[in-house]
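Written out below as structure tokens is the structure these notes cover.
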Number of protein chains: 2
Amino acid sequence: MLKRPFLLFALLCAIAQSPVSAEIAPEDIDKLTSASNESGLAYDIVKSLTVEVGPRIAGSKGDKLAVAWAETKLQSLGFDKVYKQPVRVRNWSRGLAQATVISPYEQKMVITALGGSIATPPEGYTEEVIMFDSLESLQEATREQVEGKIVFINKKMQRHKAGKGYGPVVIGRSRGAIEASKLGALAVIIRSVGTANSRFAHTGAMRYSPTVEKIPAGALSNADADTLESIFAAGKPVTMQVNMQAKEHGWQTSYNVIGEITGTKYPEQVVLIAAHLDSWDEGTGALDDGAGVGIVTAAAKLIKDTLGASERTIRVVLYANEEFGLIGARQYVKENADDLKNIIVAAESDFGAGAIYRLDTRFDEKALPFVDKLIDVLAPLGIEKGNNNATGGPDISMMPALGVPVVSLRQDGTHYFDYHHTPDDTLDKIDPEALKQNQTAYALFTYMMANGAVDPRPAPKQVK
Amino acid sequence: MLKRPFLLFALLCAIAQSPVSAEIAPEDIDKLTSASNESGLAYDIVKSLTVEVGPRIAGSKGDKLAVAWAETKLQSLGFDKVYKQPVRVRNWSRGLAQATVISPYEQKMVITALGGSIATPPEGYTEEVIMFDSLESLQEATREQVEGKIVFINKKMQRHKAGKGYGPVVIGRSRGAIEASKLGALAVIIRSVGTANSRFAHTGAMRYSPTVEKIPAGALSNADADTLESIFAAGKPVTMQVNMQAKEHGWQTSYNVIGEITGTKYPEQVVLIAAHLDSWDEGTGALDDGAGVGIVTAAAKLIKDTLGASERTIRVVLYANEEFGLIGARQYVKENADDLKNIIVAAESDFGAGAIYRLDTRFDEKALPFVDKLIDVLAPLGIEKGNNNATGGPDISMMPALGVPVVSLRQDGTHYFDYHHTPDDTLDKIDPEALKQNQTAYALFTYMMANGAVDPRPAPKQVK
């Protein structure tokens, strides 16, 4: 358990002791920008990860390879300190996933299991399907309507630059099995939570409730969901055969892999930049989150090589097992509870490789003038000033409530959900120029926070 | 065998007897255009085919369903005559297809069998891979380099409006197995002949030679070919496991399905508009060639409903088994050898659903002035005049050499090869507005040829 009042007290003491005095020299900004413009390092890193390791679902062989890869990579790049933090993770595997509409028209469908789903019986289920347009409609249904059937939740995600279409639809992925099972369904399948009209099905974590019987859960590709919707339009009973053979393989040890460039003047003060090392199993995890791994690792390395170590420590954290519930991130704040007060700011890159267009912060009021300095430096990259209500990326989302300031360097996610969590999340989806813009932005931001006369602690409470 | 000199003589006699006298009334053009603009018939037809039938590889259960569907559809639309022409087709099934790079980095690849490929042994092959940048490079290799290995032909297709990138690359698909086997390869895999950077692998027919040992042939998705190329760049020997279990199921009977609207004045004279009914097995054959089926069927129906039957007969031919070598088309010209002289013109829609931008013809010189009349009517749809060197679509490609005039209503194929021959060839890839433009263009063209005072026979020889 985190002792929050104590933590905040410790944090306030730390703040009192740490006026960072350095001013940022414009020529250093120019040097760092030029060095980044000439460097394909972020791309090289994500290429290395996707080609040499590939898929790396938590606890798998690929995940273990990724941990070894990350340790070696950070060492070979010359980070001052490279270490691992063990994290216990469940290891789930997808296995076979098949679905066929049997009547009124026979059609093979592309389906994938949702992450964490149990299996169907070995012979699958062959049953009538009942379609709902949303989780809410399912919740309003009666047991009589649903019992013994396969539930199909047919809600379509809308495209949005900031990914705002995700939240309203992903609830069906995470809670669909619980709500369908409450009404006696055999299984639940959802329309893929993704914006591509492709035949790739979109996976992602789903949940069970300890008080509700577990049922298998899968997702149809958007194109197949269209077909199924059209089949329903014929007005006849729809029967489907679904067979999914996901398995749990027990608990394994994975690791948060951490690399530091030790601060020259305030080594105990930390600018934390993060990404997650794990990925889903179907793609090679290029956008989610190889890109982030490349961006934050390259940013730190570029600072060191171009301008030398900064006054504060730069800590690159590559989190374990983001996909199955931020497990590495939760472990991090638990194990480093006493050290959180020393984190000046945290940022995570975990939204693909689209260009950054906005900086949101979560800074104490006294540090807000520094946001303008950041924007002065970031504006040439097309980055505008946002709000002071940032939540940070997923793996640092628990930090602001613990007093740690965060920023969100918000990326253009217009096409992120075309590939995210599908077999199509591969290196070719990364635009090297947009990735480089991210690399430069992270390098400049990190450098300024690690050297600038700013202390944004403690993070203010979020404004709802 | 077709007796060509006799055929040409008969054709010339027929021409002498058939001065079509009608002039095209501008108000009829307007009526037909308006009716098409208000009709979603082509879309409804392709939707019906893809939803109610879906994949329909020659000789399969889906193919038989498609034949029954087509017969019923043409009858229910009120064609005057609906009949079938039996065609013997081989029935091949894809089966399991798996590929995994074993070393230096383990990576699962997305692979599909090329159409007609034999299977690997049940346990697959696990062997070293040798990469070539083209079929030509493979042809220059030595037996010592290739023997006992898996050949990978890594040539990338270029995007082009008229699909001109296809030909130079597809030769590796059709002849790869022959050339690789000549040098003792165990199997051949090619980079997908497609323009999408996706993880869908592109299938399509491949050939064997009676004098060269058959070896299995498959295609990797472009994204996986990228990964494999990057793995080769590490400079270490690459080993891959490939397992493909395609099967031949012997010969089956399929059918060309034909619907006619009988001409009022010259019923023996035929305007033939065509598409093919079969598709590959992985997608639902929406672009290839459900779109064509919808376009030509709707065009004929719209003419009849709006303006009544035309002077000449309109014949809609939905060919069997285009994909495995134009088998239905060859059967058609063989069985209808005596009737070919009566075909005023033939056109096939088989290039997806992109808007038509150009009309190419293959008309006798005396009929060339009529091309300008056609263009007057088609120009408002954005269609310009092309050359008089048209080859027609695949299923009518043998007709001009037999004296039958053809046209090519050329479609924008910029994105056709993003989906073509992959699981991603589904209804959602069709833009209903572009499909409607095709429907209107085919209706206007067909109406003018079936009523206009034109006789473009015989087709001139092609200018090389």
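The values are calculated or read from the model by the stated rules, or taken from the named source; none is laboratory data. If you're wondering where the values come from, they're calculated on a predicted model, not measured in any experiment. Every residue, glycine as well, gets a Cβ built from its backbone with ideal geometry; the counts of neighbours run over all protein chains shown.
Tell me whether region B:3-22 contains one or more residues that are at pLDDT 95 or above and not basic (Lys, Arg). Please lay out each step first, then the result.
Of the residues in region B:3-22, the ones at pLDDT 95 or above are none.
Within region B:3-22, not a single residue is at pLDDT 95 or above and not basic (Lys, Arg).
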(message) in contact with a Leu (Cβ under 8 Å, 6 or more places away or on another chain) and closer than 19 Å to A:Ala68 by Cα: is that true of A:Thr253 in this structure?
(response) no
(request) Working carefully through the options B:Val188, B:Val212, find the one that is farther than 27 Å from A:Gly54 by Cα and away from chain A (no Cβ under 14 Å). (result) B:Val212
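Could you tell me whether region A:351-370 includes any residue that is among the hydroxyl-bearing types (Ser, Thr, Tyr) and in contact with a helix residue (DSSP H, G or I) (Cβ under 6 Å, 6 or more places away or on another chain)? Steps first, please.
Of region A:351-370, the ones among the hydroxyl-bearing types (Ser, Thr, Tyr) are A:357, A:361.
Keeping just the survivors that are in contact with a helix residue (DSSP H, G or I) (Cβ under 6 Å, 6 or more places away or on another chain) gives A:361.
Checking region A:351-370: at least one residue is among the hydroxyl-bearing types (Ser, Thr, Tyr) and in contact with a helix residue (DSSP H, G or I) (Cβ under 6 Å, 6 or more places away or on another chain).
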(request) Would you please list the contacts, defined by Cβ atoms under 7 Å and residues six or more apart or on different chains, that run from a residue in region B:44-67 that is at the interface with chain A (Cβ under 9 Å from one of its Cβ atoms) and part of a loop (DSSP other than H, G, I, E, B) to a residue that is surrounded by fewer than 24 Cβ atoms within 10 Å (Cβ to Cβ) and among the hydrophobic types (A, V, I, L, M, F, W, C)? (result) B:Val53/B:Leu65; B:Val53/B:Trp69
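So which residues in region B:182-221 are in a strand (DSSP E or B) and surrounded by fewer than 24 Cβ atoms within 10 Å (Cβ to Cβ), if there are any at all? Give the steps one after another, and end with the answer.
Taking region B:182-221 and keeping what is in a strand (DSSP E or B), we get B:187-191, B:205, B:217-220.
B:Ala205 - this is the single residue of region B:182-221 that is in a strand (DSSP E or B) and surrounded by fewer than 24 Cβ atoms within 10 Å (Cβ to Cβ).
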(message) Looking at B:Lys461 and the list (1) over 30 Å from B:Val110 (Cβ atoms); (2) in the same structural domain as B:Asn256 (by TED's automatic domain parsing); (3) of a type in the set (Lys, Arg), which single condition is not satisfied?
(response) (2)
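Name the residue that is surrounded by the fewest Cβ atoms within 10 Å (Cβ to Cβ), counting only residues in region A:366-408 that are closer than 18 Å to A:Asn342 by Cα and over 18 Å from the mean Cα position of the chain (by Cα).
Filtering region A:366-408 down to residues closer than 18 Å to A:Asn342 by Cα leaves A:366-367, A:392, A:395-407.
Filter again for over 18 Å from the mean Cα position of the chain (by Cα), leaving A:366-367, A:401-405.
Working: A:Lys366: 12, A:Ala367: 19, A:Ala401: 14, A:Leu402: 18, A:Gly403: 23, A:Val404: 27, A:Pro405: 27.
Here the answer is A:Lys366.
Working only within region A:379-437, note down all residues that are part of a helix (DSSP H, G or I) and among the hydroxyl-bearing types (Ser, Thr, Tyr). Let's see the steps before the verdict.
Pass one, region A:379-437, residues part of a helix (DSSP H, G or I): A:379-381, A:394-396, A:400-402, A:416-418, A:427-429, A:432-437.
A:Tyr416, the sole residue that qualifies.
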(message) With more than 30 Å from A:Pro423 (Cα to Cα) and away from chain A (no Cβ under 14 Å) as the only criterion, which of B:Tyr442, B:Tyr416 stands out?
(response) B:Tyr442
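Taking the conditions exactly as written (within 14 Å of another protein chain (Cβ to nearest Cβ), of a type in the set (Phe, Trp, Tyr) and either surrounded by fewer than 24 Cβ atoms within 10 Å (Cβ to Cβ) or part of a loop (DSSP other than H, G, I, E, B) (or both)), does B:Trp251 satisfy them or not?
Details: within 14 Å of another protein chain (Cβ to nearest Cβ): no; of a type in the set (Phe, Trp, Tyr): yes; either surrounded by fewer than 24 Cβ atoms within 10 Å (Cβ to Cβ) or part of a loop (DSSP other than H, G, I, E, B) (or both): yes.
It is false that B:Trp251 is within 14 Å of another protein chain (Cβ to nearest Cβ), of a type in the set (Phe, Trp, Tyr) and either surrounded by fewer than 24 Cβ atoms within 10 Å (Cβ to Cβ) or part of a loop (DSSP other than H, G, I, E, B) (or both).
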(message) What's the number of the only condition in (1) on the phi < 0 side of the Ramachandran plot; (2) touching a strand residue (DSSP E or B) at 6+ places or on another chain (Cβ under 8 Å) that B:Ala196 fails to meet?
(response) (2)
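Considering only region A:215-234, state which residues are among the hydroxyl-bearing types (Ser, Thr, Tyr) and either touching a helix residue (DSSP H, G or I) at 6+ places or on another chain (Cβ under 9 Å) or away from chain B (no Cβ under 14 Å) (or both).
Filtering region A:215-234 for residues among the hydroxyl-bearing types (Ser, Thr, Tyr) gives A:221, A:227, A:230.
Result: A:Thr227, A:Ser230.
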(message) Conditions first: (1) within 27 Å of B:Ile327 (Cβ to Cβ); (2) in contact with a helix residue (DSSP H, G or I) (Cβ under 6 Å, 6 or more places away or on another chain); (3) assigned to a loop (DSSP other than H, G, I, E, B). B:Val454 passes all but one, so which condition is the exception?
(response) (1)
(message) Of the conditions (1) more than 18 Å from A:Asp226 (Cβ to Cβ); (2) under 26 Å from the mean Cα position of the chain (by Cα); (3) part of a loop (DSSP other than H, G, I, E, B), A:Ala141 satisfies every one except a single condition; which number is it?
(response) (2)
(message) When you check B:Ile29 against the structure, is it at pLDDT 95 or above and away from every other protein chain (no Cβ under 14 Å), yes or no?
(response) yes
(message) Restricting to region B:68-118, name every residue that is touching a Gly at 6+ places or on another chain (Cβ under 9 Å), of a type outside the set (Lys, Arg) and part of a helix (DSSP H, G or I).
(response) B:Ala70, B:Glu71, B:Leu74, B:Gln75
(message) Can you say whether B:Pro237 is more than 14 Å from every other protein chain (Cβ to nearest Cβ), in a loop (DSSP other than H, G, I, E, B) and in contact with an Asp or Glu (Cβ under 8 Å, 6 or more places away or on another chain), as far as the supplied structure shows?
(response) yes
(request) With the checklist (1) within 25 Å of the chain's Cα centre (by Cα); (2) away from chain B (no Cβ under 13 Å); (3) surrounded by fewer than 24 Cβ atoms within 10 Å (Cβ to Cβ) in hand, flag the one item A:Asn256 doesn't pass. (result) (3)
(request) Could you give me the residue pairs with C-beta distances under 6 Å whose first residue belongs to region B:270-289 and is farther than 15 Å from B:Lys64 by Cα, whose second residue is in a strand (DSSP E or B) and among the acidic types (Asp, Glu) wherever it lies, and which are 6+ apart or on separate chains? (result) B:Ala274/B:Glu348
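For region A:421-439, name all the residues that are away from chain B (no Cβ under 14 Å) and not charged (D, E, K, R).
So the first thing to find is which residues in region A:421-439 are away from chain B (no Cβ under 14 Å), and the list is A:433-439.
Passing the criteria: A:Ala434, A:Leu435, A:Gln437, A:Asn438, A:Gln439.
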(request) Restricting attention to region A:293-319, report how many residues are under 20 Å from A:Ile344 (Cα atoms), touching a residue at least 60 places away in the same chain (Cβ under 8 Å) and not aliphatic (A, V, I, L, M). (result) 8
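For region A:108-140, which positions are of a type in the set (S, T, N, Q) and in contact with a helix residue (DSSP H, G or I) (Cβ under 6 Å, 6 or more places away or on another chain)? It would help to see each step written out before you state the result.
Within region A:108-140, the subset of a type in the set (S, T, N, Q) is A:112, A:117, A:120, A:126, A:134, A:137, A:139.
The answer is A:Gln139, and nothing else.
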(message) For region B:203-222, which positions are in contact with a strand residue (DSSP E or B) (Cβ under 9 Å, 6 or more places away or on another chain) and not hydroxyl-bearing (Ser, Thr, Tyr)?
(response) B:Gly204, B:Ala205, B:Met206, B:Ile215, B:Pro216, B:Ala217, B:Gly218, B:Ala219, B:Leu220, B:Asn222
(request) Answer yes if at least one residue in region A:84-99 is touching a Phe, Trp or Tyr at 6+ places or on another chain (Cβ under 9 Å) and either without any contact (Cβ under 8 Å) to a residue 40 or more places away in the chain or aliphatic (A, V, I, L, M) (or both), and no otherwise. (result) yes
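So which residues in region B:129-138 are part of a helix (DSSP H, G or I) and touching a residue at least 24 places away in the same chain (Cβ under 8 Å)? Spell out how you get there, then give the answer.
Within region B:129-138, the subset part of a helix (DSSP H, G or I) is B:135-138.
B:Leu135, B:Leu138, listed by residue number.
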(request) Assess whether A:Ala234 counts as being at pLDDT below 95 and either surrounded by fewer than 19 Cβ atoms within 10 Å (Cβ to Cβ) or more than 16 Å from the chain's Cα centre (by Cα) (or both). (result) yes
